[in-house]
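Structure first, commentary second.
The values are calculated or read from the model by the stated rules, or taken from the named source; none is laboratory data. Values in this document were obtained by computation on a predicted structure and should not be read as measured data. In this analysis, Cβ positions are derived from the backbone assuming ideal geometry, glycine residues included, and neighbour counts consider all displayed protein chains.
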Amino acid sequence: MRIKTPKLYETLIAIGLISVILSMFLAWSLVSSQLTTYFVEDAKNQNIEISTTITAYVEDKLNEAVIHLKLIKESIDLTHMSKDEINALIFRFNQINQSFVDIEVIDSEGMVQYTLPQNSNEIGYDRSREPFFSNFKSDAEIYWSSVQLSPYTNSNTIMIAIRYGDGYVIGYLDLKEIRALSDVYILSFGSTRNITITDQYGIYLVNQDQTLIDERRVDPHHEMEMTILNGKFMVIHEESEYETSLITASQIKSNGWIVTISEPYQVAIGGIDYVLKIVIWFAVLMLLAYALML
Amino acid sequence: MKLKYKLSLIIAGLLLFSACSSPKKTIKLGFVGGLTGSGSDLGVDGMYGALLAVKTINAAGGVMGRDIELVIKNDQSDPEVALSVDQELVDLGVRFIIGHMISGVATKTVPFVNEHNVLMISPTIAKDSLSTIDDHFIRVIPSNVTQATLLSETIIKQNPGRLGILYSNNNLLFAETFIQILTDNIANQETKIGGSFAFDVNTKPDYKKLVEDLKTLKINSLLIIASGDEVANFAQNFALMAFHPTVFLPAWAMTNDLIVKGGKAIDGYFGVNYTQTNSTAPEYIQFKTSFIKEHGAEPTFAAIMAYESVMLTVNAIISSQSTDPMIIKKKITENNDYHGVFGDLLIDRTGDASRAIRLFEIVDGQFVMVKP
């Protein structure tokens with residue numbers, strides 16, 4: 001079989017094409033890596049700032065809820081107030097701050113002694129096997145439950161318990177209130193970033209997708225977020241969603257909740273990846289065209 | 001030579017293209033349960049059990065080089081919603097559904113999976129009329145006849161006098177079997193059924209009127225067919241009104257919620273269950289430790305059975321090296337050698353489970369096994 005020698009113009013086209021493609025890739029690899037690093041670093045700094053701001057804000061608001069319970073605790077005078085007066089006092093406090101779907105005062109035996117008038121049927125309920133009663137650490141001041149269904153409204157709540165003598169004052173904080181705390185940030189940054197708050201086990205408390213909260217879903221990135229707390233940062237690739245994201249996480253110290261900011265990589269680095277794809281496509285097409293020309 | 005040259009360039013181009021776009025494929029398992037509303041603890045606990053199983057499998061390298069992806073859907077314990085979420089799963093390419101969690105949705109969903117060549121492996125649907133049918137429905141919980149029979153034997157043995165039945169109307173199909181078996185079994189016994197009361201899970205019962213009615217009917221024992229948190233509410237109110245019947249419960253109610261929310265009011269209640277939460281079996285201890293680490297609470301029977309449902313399915317996929325639902329069904333029903341959290345789990349040729357059931361009494365907030 002005779003081997004055909006390439007014509008001169010074919011050789012020149014080949015050399016020309018290869019030179020152009022190689023120079024395109026060389027130039028692109030030099031510029032794009034620097035551009036990408038710059039954009040990622042910028043997104044990282046912004047997201048760390050947002051997550052630490054939200055963390056501080058939510059922590060402040062949760063402290064207000066705790067202070068509210070403490071005020072109730074300090075205002076109850078068991079020796080001089082009647083049962084009705086104490087229930088009415090809890091009602092007045094709840095009118096001022098309506099974050100709680102219910103507030104209860106529990107005695108040393110775990111029995112509900114006082115509560116909001118609309119839930120007065122529960123006076124006498126036995127809470128002695130609730131985790132706050134048996135798991136309250138001796139040096140802890142406040143107990144935070146994980147997400148649970150409210151016995152009153154069937155909505156998702158967090159129970160906060162503080163000591164009251166030998167007993168406890170407990171409040172059922174509606175998760176809608178926690179969502180409301182961070183709404184201002186979701187409105188400001190939510191169009192480009194996903195802002196999430198989870199409890200210490202990764203159960204959603206705040207997310208743009210309300211169904212994740214209603215269904216008590218677990219954040220699939222919880223374990224990874226635990227490893228990047230305290231302002232650290234990570235790039236992850238979500239294989240099931242074909243998406244790469246930049247993740248920042250920080251922790252609310254009082255109860256271990258985690259605030260996470262997730263920003264799609266494509267959004268963070270602007271149009272770089274899009275341009276790169278065009279360059280790759282262009283190179284592929286040139287290769288194919290050349291192959292067909294031969 | 002020229003052809004080789006062309007081909008190598010084309011392949012190089014295609015490789016470059018595919019490197020930019022091909023994702024790693026996963027094996028999708030659906031999980032469906034009631035995740036919102038009253039009684040949703042059953043579905044949520046099941047979801048957490050299934051998630052733990054998937055995490056364990058993926059951490060060990062996945063299946064046939066692929067990760068398992070759990071696609072979760074909420075059927076709201078409503079048959080129509082259940083049907084529509086099953087359709088969504090099929091549209092997503094899911095061919096195995098772990099769920100559903102209550103018998104009430106089975107009338108719609110079982111015919112659907114049969115028609116669409118999907119295999120449903122239910123952790124907790126115990127409705128008896130689904131037994132002995134060779135279809136696309138497999139379950140890891142035995143038929144509710146097993147529970148109803150043991151409970152009625154216990155009631156006959158204890159002879160508590162006049163028995164009342166309280167049942168939740170959102171799982172009527174499950175309750176009906178219980179009531180029928182109980183009625184048949186105690187027909188010629190000293191214990192008599194004094195009355196049956198249905199309640200709506202979405203409406204707070206009038207506890208005061210209920211207790212008055214029960215007292216008027218001289219009922220001194222109750223079979224309550226409901227979820228753990230609903231039974232806990234009844235128990236708290238009965239205690240407040242100084243009404244202390246002997247109470248019998250199905251496995252559905254035997255959850256951590258019952259203990260936590262029922263307080264001391266549920267001490268002395270009897271119930272049947274397939275799981276032993278104080279077991280020291282190494283498989284259970286390992287599972288329980290992992291579950292508490294992940295979710296901060298003791299696993300309930302729903303979590304255990306959902307975990308087992310995933311493991312059973314994945315074991316069959318691994319041993320048959322196939323993701324064809326019918327091959328997996330055959331593998332599970334004909335060559336089942338799965339060792340569950342509490343020992344061997346036997347699935348027969350029609351997909352029905354056999355496992356040991358036990359009677360428990362709640363003593364100081366613990367499920368204590370009653371010796372036969």
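For the stretch B:188-209, the set of residues classified as more than 19 Å from B:Ala175 (Cα to Cα) and not charged (D, E, K, R) consists of B:Asn188, B:Gln189, B:Thr191, B:Tyr207, listed by residue number. Filtering A:Asp60, A:Asp102, A:Asp42 for residues that are charged (D, E, K, R) and surrounded by 14 or more Cβ atoms within 10 Å (Cβ to Cβ) leaves a single hit, A:Asp102.
To keep it simple, each residue is scored yes or no on (1) within 32 Å of the chain's Cα centre (by Cα); (2) assigned to a loop (DSSP other than H, G, I, E, B); (3) within 24 Å of A:Asn255 (Cβ to Cβ); (4) more than 9 Å from chain B (Cβ to nearest Cβ).
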{"site": "A:Arg92", "(1), (2), (3), (4)": "no, no, no, yes"}
{"site": "A:Gln95", "(1), (2), (3), (4)": "yes, no, no, yes"}
{"site": "A:Asp102", "(1), (2), (3), (4)": "yes, no, yes, yes"}
{"site": "A:Ser108", "(1), (2), (3), (4)": "no, yes, no, yes"}
{"site": "A:Val112", "(1), (2), (3), (4)": "no, no, yes, yes"}
{"site": "A:Arg129", "(1), (2), (3), (4)": "yes, yes, yes, no"}
{"site": "A:Phe132", "(1), (2), (3), (4)": "yes, no, yes, yes"}
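If you go through the stretch B:216-263 and pick out every residue that is touching a strand residue (DSSP E or B) at 6+ places or on another chain (Cβ under 6 Å) and among the β-branched types (Val, Ile, Thr), you end up with 6.
Scanning the stretch B:202-232 for residues that are within 28 Å of the chain's Cα centre (by Cα) and crowded, with 19+ Cβ neighbours inside 10 Å turns up B:Ser221, B:Leu222, B:Leu223, B:Ile224, B:Ile225, B:Ala226, B:Ser227, B:Gly228, B:Asp229, B:Glu230, B:Val231, B:Ala232. Residues of the stretch B:319-344 that are under 18 Å from the mean Cα position of the chain (by Cα) and free of Cβ contacts under 8 Å to residues at least 12 places away in the same chain: B:Asp344 alone. Annotation: B:Ile219 fulfils all but one of (1) under 25 Å from B:Lys192 (Cα atoms); (2) within 14 Å of chain A (Cβ to nearest Cβ); (3) at pLDDT 90 or above; the unmet one is (2). As for the stretch A:155-178, it holds no residue that is without any contact (Cβ under 8 Å) to a residue 60 or more places away in the chain and among the aromatic types (Phe, Trp, Tyr). On inspection, B:Ile332 passes the criterion of being modelled with pLDDT under 95, over 17 Å from B:Leu70 (Cβ atoms), among the β-branched types (Val, Ile, Thr) and touching a strand residue (DSSP E or B) at 6+ places or on another chain (Cβ under 9 Å).
Listed by first and then second residue, the pairs with beta-carbon distance under 6 Å, at least 6 apart or on different chains, first residue in the stretch A:199-215 and touching a residue at least 40 places away in the same chain (Cβ under 8 Å), second aromatic (Phe, Trp, Tyr), are A:Asp199/A:Trp257; A:Ile213/A:Tyr204. Total residues in the stretch B:59-109 satisfying the condition of being farther than 30 Å from B:Ala175 by Cβ, outside any strand (DSSP E or B), more than 14 Å from chain A (Cβ to nearest Cβ) and in contact (Cβ under 8 Å) with a residue 60 or more places away in the chain: the figure is 2. Selection within the stretch A:103-127: residues that are free of Cβ contacts under 8 Å to residues at least 24 places away in the same chain and polar (S, T, N, Q). The member of this set that is nearest to B:Lys209 (Cα to Cα) is A:Asn121.
B:Met120 falls short on exactly one of the conditions (1) in contact (Cβ under 8 Å) with a residue 40 or more places away in the chain; (2) over 20 Å from B:Val247 (Cβ atoms); (3) assigned to a strand (DSSP E or B), and that condition is (1). Looking only at residues in the stretch A:149-163 that are crowded, with 21+ Cβ neighbours inside 10 Å and of a type outside the set (Gly, Ala, Ser), the one that is farthest from the other protein chains (Cβ to nearest Cβ) is A:Ile160.
Among the residues of the stretch A:236-294, just one is more than 11 Å from chain B (Cβ to nearest Cβ), at pLDDT below 75 and part of a strand (DSSP E or B), namely A:Ile236.
Across the stretch A:197-229, the number of residues qualifying as touching a helix residue (DSSP H, G or I) at 6+ places or on another chain (Cβ under 7 Å) and either assigned by TED's automatic domain parsing to the domain that holds A:Ser145 or part of a strand (DSSP E or B) (or both) comes to 6. Scanning the stretch B:257-270 for residues that are within 12 Å of chain A (Cβ to nearest Cβ) and buried (at least 20 other Cβ atoms within 10 Å of the Cβ) gives B:Asp257, B:Leu258, B:Ile259, B:Val260, B:Lys261, B:Gly262, B:Gly263, B:Ala265, B:Ile266. When the stretch B:31-51 is limited to residues that are hydrophobic (A, V, I, L, M, F, W, C) and at the interface with chain A (Cβ under 8 Å from one of its Cβ atoms), the one that is surrounded by the most Cβ atoms within 10 Å (Cβ to Cβ) turns out to be B:Met47. With respect to the stated conditions, B:Gly99 is in contact with a Pro (Cβ under 9 Å, 6 or more places away or on another chain) and not polar (S, T, N, Q).
Residues in the stretch B:1-57 that are part of a helix (DSSP H, G or I), modelled with pLDDT of 80 or more and more than 21 Å from B:Arg139 (Cβ to Cβ): B:Lys55, B:Thr56. Before we move on, is A:Ala88 surrounded by fewer than 18 Cβ atoms within 10 Å (Cβ to Cβ) and over 34 Å from the mean Cα position of the chain (by Cα)? Judged against the criteria, A:Ala88 is a match. For the stretch B:271-318, filtered to residues that are free of Cβ contacts under 8 Å to residues at least 12 places away in the same chain and within 14 Å of chain A (Cβ to nearest Cβ), the residue that is surrounded by the most Cβ atoms within 10 Å (Cβ to Cβ) is B:Gly296. Report yes if A:Val169 is among the hydrophobic types (A, V, I, L, M, F, W, C), in contact with a helix residue (DSSP H, G or I) (Cβ under 6 Å, 6 or more places away or on another chain), within 14 Å of another protein chain (Cβ to nearest Cβ) and closer than 25 Å to B:Gly365 by Cβ, otherwise no. Judged against the criteria, A:Val169 is not a match. Being within 25 Å of the chain's Cα centre (by Cα), in the same structural domain as B:Tyr307 (by TED's automatic domain parsing), buried (at least 16 other Cβ atoms within 10 Å of the Cβ) and in a strand (DSSP E or B) narrows it down to one residue among B:Ile138, B:Ile165; which is it? When all the criteria are applied, what remains is B:Ile138.
When B:Ser129 is tested against the conditions (1) crowded, with 20+ Cβ neighbours inside 10 Å; (2) in contact with a Leu (Cβ under 9 Å, 6 or more places away or on another chain); (3) outside the structural domain of B:Leu210 (by TED's automatic domain parsing), the lone failure is (1). Of all residue pairs spaced 6 or more apart or on separate chains, those with beta-carbon atoms under 7 Å, a first member in the stretch B:199-213 that is within 13 Å of chain A (Cβ to nearest Cβ) and a second member that is assigned to a loop (DSSP other than H, G, I, E, B) and of a type in the set (Gly, Ala, Ser) are B:Val201/B:Ser38; B:Val201/B:Gly39; B:Asn202/B:Ser38. Every condition in (1) more than 31 Å from the chain's Cα centre (by Cα); (2) farther than 21 Å from B:Asn256 by Cβ holds for A:Arg179 except the one numbered (1).
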